[in-house]
Amino acid sequence: MRLELVPRRDVPAAARILAPVAALVASILIGGVVIALMGRSPAAALDVYFIQPLTEGWALQEIAVKATPLLLIAIGLSFCFRANLWNIGAEGQFVMGALVGSILPLVTAGTDAGPWVLPAALLMGALGGLLYALIPALLRVAFGVSEILTSLMLVYVADLTLDYLVRGPWRDPKGFNFPQTVNFDAMLPYLAEGGRLHAGLLFGPIAVLVAWFVVQRTLFGFGVRVSGESPKAARFAGFNPDRLVVAAFCISGAMAGLAGIVEVTGQIGQLKPGISVGYGFTAITVAFLGRLHPVGMLFGALVVALTVIGGESAQIALKLPLDLTRTFQGILLMCVLAADALVSYRVRVVTTARA
Amino acid sequence: MTREEAGGSPAGDAPLVALRGIVKRFGDLTANDHVDLDVRPGEIHALLGENGAGKSTLVKILFGLLQPNEGEIIWQGRRVTLDNPEDAADLGIGMVFQHFSLFENLTVAENIAVALPRGESLRDLDKRIAEVGARYGLALDPGRPVWTLSAGERQRIEIVRALLREPRLLILDEPTSVLTPQEADTLFVTLDRLAAGGCGLLYITHRLEEVKRLCQRATVMRAGKVVAACDPRVESVSRLASLMVGSEVVEVRPAPAHAAGPVRFELRDLSLAPTEAHGIPLAGVSLAVRGGEIVGIAGVAGNGQSELFAAMSGEVEAETQEAVRIDGQPVGRMGIDRRRRRNAAFVPEERNGHAAAPRFTLSENIVLSLHATSGVARRGLVNGAMARQLAAAVIKAFDVRKGGADPMAGTLSGGNLQKFVVGREILREPGVLVVNQPTWGVDAGAAATIRQALIDLAARGAAVVVISQDLDEIFAIADRIAVIHDGRLSAAHPAREIGREQIGLLMAGSGEGHAHAA
């Protein structure tokens, strides 16, 4: 016996939109079973994970703060994914953006350099991510190297580079030997006094609008979509496939880099190991949860950020491990992909009765 | 030893296989509507019908690839169910597909070995291939890698594969579509020998001359139903054609007399290395097409047609600017969009995935090929309203039947999508049009519309190049005919002065020398 996927002829638009919702429900059910097997009450966990964060002001702010890097990275990734390019190294581009973006704030820390430092740092952060994403793009265009492997492996290079810098040349001499830099002066301002919402959050909605416009209204966005859908048609349309590969990776890398430097100048305030808690990987889930649509990804980022905050509360309230949150995010991605497949294809059971 | 026994009484009346009331539905489409068919041992039975008539669906059911919704299959008087091709092969049903499934980098023997049932010994395989080859006239060198073989030789591998399992019934799906006329003659000898040996043959085609020559009985399908069963030897070709099409065959109107203008499209000693593995290098291709004429490029599939199309369109750029000229201007180093801006237009062979993106709407597919030459994209922005207007104009001018206001291209039938992708280019009034396989796999009505549009475009002064494997089509519309073989193009001969025989020789790579300037 084997299973075959048969393409469905007509898929109602509603089914496509509801698929991620169904996937979310399914993963909550699976998560509930896991929690029950761990001997805890699934109902209590559901309350802590999904309900409580939505009822408390500080948690809502925290969701927005966590959702921002996820959203920025996912929007960048969507350009790659739409063009059928598998950039799974956004985590590395995030770290590289944070690292390159931090050069100016580090150099100017403790001096009275003007307000130009912050915008320059943001630009350099985006540039750092962009250049780092250019490596897998150029390797693919020039030598046909799989971007999946190179982009993933470069994540570890970025992580170890960061590790080296904060333990070596960039270590704060007055930091009691902790692996961290000095605190930056150039920080994104808070949107409201005493809150957690910093100005970097504004990049999220702006990115949603710009991405929507580029994908739907520009010839470049059209080219990205066509080249993912049918590469030969894209060539027939006159789009240079190599140029599209490079452009998609540049956008993706720049967005991840921007997310990295926003995270550093928005809330952490210094470089240290573990500035990313896997945002670059989690953003892949966000991208698919949002069906690669900018507005969809906005919701996707908020939902996933909710699980992160809920997961932190669950550690405290229910003594559930952090790994459970990561497991849940993995289950969610699997369910989203499965739901997409089931919406587009019908499963047929083929029985092979051999004589 | 059943083969020999059956051989004693060929064309016995007891059917080898009988299909009774076969119904197969795909969603709303009924591909087979209560189809009856039987094949006797020792006969060559033609299954006739246009593309989309339901022939392929029916034989896929007979070969166990599809399961019918209703009806039964009776094999030698016994009702059977065929869940998969292995069941069919176990009974003794073999099939030679239209599209080959061969591994290019493996040898002939290796390709045959992978298709043998599990557990079969490979020790004497070369000897067995030689034996079958000698008995049926299927010459093959077991040690040759497949990528060095011609289409005719590749087809022999498929036939030998089927014959090694000693089938009682052999199904052949459009076997001559990739052969030269001479290769087809060799195939017919093989098929006659097989039938004389008692094997029943089901021969699927839409080529009527072949049927008259080869087959003792014919079943004609149209729109999923059997519309006639007859003896093709006593029917006229035009009667068979009208049975197939359901009305008198539409002939194209010749263009009103018009003088050929200056040369508008020219290839000068164009040579190009292939961009894909096992692609065909183009060698010294020269061709000059005048305004007002249609030049047909005939040839067996896989002789460099797609490479030639890519070089003409600019999807692959030439090595020198001089190798390609549009209206006297060298454009060899220019990409497809810059050639379009010089008023050239192109229609590639595959409509789904090359000429059109199947999951994009029709108006988006307007943007696909017209963004460089019309206002649908200005300063990098797409004008959706204008694209929809242009799509509507193409749909109206070419009578494209579709569901919904702006449906996805992939939801259109083959004929309608082909009318759309050809019409999209013709409505621009290009000065040069290059079309690869303009009517492959489309119904007769759509084919006539498309061919007429090409003739009319040339009559208005455009230079038209039609690459086609369909000799009937080329003779119907071309003023001059050139033949492509192994990446080389023959001189273009006036269509009235060259016969099928001579074209057949050129298609097989013999005959006059190549690479004359036309």
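Working from label points 7 Å from Cα in the Cα-to-Cβ sense, the B:Ser101 to B:Ala229 distance is 3.0 nm.
Per-residue ellipticity at 222 nm, computed for the protein assembly as shown from helices alone with -39500 (n - 2.57) per DSSP H run of at least four residues, works out to -14500 deg cm²/dmol. Once the C-beta distance of A:Lys319 and A:Ile148 is scaled by a Förster radius of 22 Å, the resulting FRET efficiency is 0.05 to the nearest 0.05. Label positions at B:Arg460 and B:Ser121, each projected 7 Å from the Cα along the C-beta direction, are separated by 7.0 nm.
Under the combined filter of DSSP loop state and at most 16 neighbouring Cβ atoms within 10 Å, the stretch B:64-125 retains these trypsin sites (Lys or Arg not before Pro): B:Arg118, B:Arg123.
Loop-resident chymotrypsin sites (Phe, Trp or Tyr not before Pro) (DSSP state other than H, G, I, E or B) in the stretch A:154-190 with no more than 15 further Cβ atoms inside 10 Å of their Cβ: A:Phe176.
Chain A packed on chain B takes about 2300 Å² of accessible surface away from a 1.4 Å probe, both sides summed. With bins 10 Å wide beginning at 0, the percent of Cα pairs of the protein assembly as shown falling in each bin runs 2, 10, 17, 19, 18, 15, 10, 6, 2, 0, 0.
Specify which residue in the list B:Leu66, A:Leu298, B:Ala462 is farthest towards the positive end of the charge dipole of the protein assembly as shown, using unit charges on the beta carbon of Lys, Arg (+1) and Asp, Glu (-1), about the Cα centre. Ranked along the dipole, the leading option is A:Leu298. In this structure the protein assembly as shown gives 43 Å² per residue of accessible area when probed at 1.4 Å with all protein chains present. In order along the stretch B:354-362, phi translates into HN-Hα couplings of 10, 6, 9, 8, x, 9, 9, 6, 4 Hz, rounded to whole numbers, per the Karplus curve 6.51 cos²θ - 1.76 cosθ + 1.60 with θ = phi - 60° and x for Gly and Pro.
Residue separation of A:Leu202 and A:Phe176 scaled by 0.36 nm, minus their Cα-Cα distance, works out to 5.8 nm of gained length. Global size of the stretch B:2-245: 17.5, 52 Å for Rg and Dmax (C-alpha atoms, Rg to one decimal, Dmax whole). In this structure the amide hydrogen of B:Ala345, modeled in the peptide plane, comes within under 5 Å of the amide hydrogens of B:Val432, B:Leu433, B:Val434, none closer than 5 places in sequence on its chain. Once the Cα-Cα distance is subtracted from the 0.36 nm per residue extended length, the A:Arg16 to A:Val295 segment shows a gain of 99.0 nm. Site pair A:Val349 and B:Gln389 shows an inter-label distance of 5.6 nm when each label is modelled 7 Å from Cα along Cα→Cβ.
Computed over the stretch B:2-245, relative contact order equals 29 percent, with contacts defined as Cα pairs under 8 Å that lie 6+ residues apart.
The longest part of chain A holding none of the exposed loop GluC sites (Glu not before Pro), meaning those outside H, G, I, E and B in DSSP with at most 14 other Cβ atoms within 10 Å, is A:194-355. Shown for the protein assembly as shown: the carbon plus sulfur share of the solvent-accessible area, taken with all protein chains present and a 1.4 angstrom probe, equals 58%. Taken residue by residue and averaged, Cβ atoms of other chains lying within 10 Å of the Cβ of B:371-382 number 3.
Judged by the mean number of other Cβ atoms found within 10 Å, the most tightly packed of the peptides B:68-77, B:381-390 leads the ranking B:381-390, B:68-77.
Between A:Tyr345 and A:Arg8, the built amide H atoms are under 5 Å apart, and every one of these is 5 or more places off in sequence or on another chain. Go ahead and run the numbers for FRET between B:Arg144 and A:Val25, Cβ-Cβ distance against an R0 of 60 Å, rounding to 0.05. Once rounded, the FRET efficiency stands at 0.55. Charges were assigned to the Cβ only: +1 to each Lys and Arg, -1 to each Asp and Glu. The resulting dipole of chain B about its Cα centre is roughly 1360 debye. To the nearest Å, what is the center-to-center distance of the stretch A:257-312 and the stretch A:121-161, using C-alpha atoms only? Comparing the Cα centres of the stretch A:257-312 and the stretch A:121-161, I get a distance of 19 Å.
Amide H contacts of B:Arg217: B:Ile44, B:Ala46, each under 5 Å away and 5 or more positions distant or on a separate chain (H built 1.01 Å from N in the peptide plane; Pro and chain starts excluded). On the basis of the beta-carbon distance and an R0 of 60 Å, B:Arg342 and A:Met334 show a calculated FRET efficiency of 0.70.
For chain A, the relative contact order comes to 36 percent (Cα pairs under 8 Å, sequence separation of at least 6).
Relative to the Cα centre, the charge distribution of the stretch B:263-507, modelled as +1 at Lys and Arg Cβ and -1 at Asp and Glu Cβ, gives a dipole magnitude of about 980 debye. Placing unit charges on each Cβ (+1 for Lys and Arg, -1 for Asp and Glu) gives the stretch B:308-376 a dipole about its Cα centre, and among B:Val347, B:Ala318, B:Leu308 the Cα reaching farthest toward its positive end belongs to B:Val347.
Inter-chain neighbour count for B:493-503: the average number of beta-carbon atoms from partner chains within 10 Å of each residue's beta-carbon is 0.
The values are calculated or read from the model by the stated rules, or taken from the named source; none is laboratory data. Remember, predicted model here, so these are calculated numbers, not experimental data. All Cβ positions, even for glycine, are placed from backbone atoms using ideal geometry, and neighbour counts span all protein chains on display. Note: areas computed on protein heavy atoms with side chains; ligands, DNA, RNA excluded. Shrake-Rupley method; radii C 1.70, N 1.55, O 1.52, S 1.80 Å.
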